[in-house]
Amino acid sequence: MIFAKYVCLALLFVLVFICIQSLLHVLARQRKARFRLQYVKTSAYGARFSEYLGKRSVLVKHVKEMMESVESRMSMKAMLTITLILLLIGLLAGSLFFQSLKGVVILTSISISLPYMLLRLKLVSMRLRTRLEFLPAVEVFYQYYMVDPHKNMKISLKYCLEENRILYPIKPVFEQLYRNLMTQRDTDESLRIFSLTLGHAWADYFVGIMRVALTEGIFVGDSLKELVVDMRKAQRSDQLERNRLLEIRIANFTPILFLVLFLFINFKINPDNAYMYYMVDPGGRNMILDALLLIFVSFLMGIYLSMRRM
């Protein structure tokens, strides 16, 4: 029984080593293959597999759009490789430290969810930075749209960006929208990525107006004016919502700080007893496992509430 356990651990170690080596090889090859236009040459099988997953899997398509919305430099292949490595690390850590099915399941679930949670946190941070800048950007766009004799959405957006009337931190979001629209990308997909990046109701209304103008070619100046007026009226409450989002984000990190402080005090006062209880005794390890589970659930609730507040 013990021999079989060590054999399984050895196999997990070999798998982790192979995955890490493959990840380093992929990153090195991508860095070497990156050239003038930052184009990354991928293998035919990897490209076909990623394309297949992007079309067949709703989850993979959602993750790809989220990675594009936060302008992540990581490819989908690297994302899947890292998730696989974290899966093996969770299995290995759960088997070695907690030595229970509960520990393996919890650590594995936390490990494989980390990349997605980091993407979500980065997206929420971007939404907080751009939330208050959306109204000035729409006002500038409305002015250029009304001045343009052809009432063309793409031309108005181009002049806004070229003359630097839309400022940071929201300027890259509009630049990404303009690039997607000018590269003959699907209009609905481009607008969906734009709406996902900003993530609030005003962005959805703006996207709806742009969709009508781009697909049907009709004048939408009155709708843009109504949107600007409504956003000005709601500016005060929007600032309050942003403060609530900051409070939720701060509350997300307090359980980790309390856990670290609690363990630090115990190890500082009596290192031997603390080590015996938290590292050797099954009851202490189970308490740490429950604390990790509660922290993970609190992070999920914080992300969920942040997305609902947008």
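Of the residues making up the range 142-196, those that are outside any helix (DSSP H, G or I), in contact with a Ser or Thr (Cβ under 8 Å, 6 or more places away or on another chain) and within 24 Å of Glu226 (Cα to Cα) are Asp148, Ile170.
Going residue by residue through the range 67-77, is there one that turns out to be open to solvent by less than 30 Å² (accessible area, probe 1.4 Å), closer than 26 Å to Val173 by Cβ, in contact with a Lys or Arg (Cβ under 9 Å, 6 or more places away or on another chain) and outside any helix (DSSP H, G or I)? Yes, that holds for at least one residue. The requirement of being more than 28 Å from Leu293 (Cβ to Cβ), part of a helix (DSSP H, G or I) and at pLDDT 85 or above is satisfied by Lys64. Scanning the range 210-234 for residues that are more than 15 Å from Tyr178 (Cα to Cα), open to solvent by 20 Å² or more (accessible area, probe 1.4 Å) and in a helix (DSSP H, G or I) turns up Val212, Thr215, Glu216, Asp222, Ser223, Lys225, Glu226, Val229, Asp230, Arg232, Lys233.
Comparison of Leu86, Leu119 shows that the only residue that is farther than 18 Å from Leu196 by Cβ and surrounded by 17 or more Cβ atoms within 10 Å (Cβ to Cβ) is Leu86.
Within the range 95-114, is even one residue open to solvent by 20 Å² or more (accessible area, probe 1.4 Å), under 22 Å from Glu68 (Cβ atoms), of a type in the set (Val, Ile, Thr) and more than 17 Å from the chain's Cα centre (by Cα)? Within the range 95-114, not a single residue is open to solvent by 20 Å² or more (accessible area, probe 1.4 Å), under 22 Å from Glu68 (Cβ atoms), of a type in the set (Val, Ile, Thr) and more than 17 Å from the chain's Cα centre (by Cα).
The values are calculated or read from the model by the stated rules, or taken from the named source; none is laboratory data. Only a predicted model underlies this, so the values are computations on that prediction, with no experimental measurement involved. When we count neighbours, we look across all protein chains shown, and the Cβ atoms used for this are built from the backbone with ideal geometry, even at glycine. Heavy atoms of the whole protein, side chains included, go into the accessibility calculation; ligands, DNA and RNA do not. Shrake-Rupley method; radii C 1.70, N 1.55, O 1.52, S 1.80 Å.
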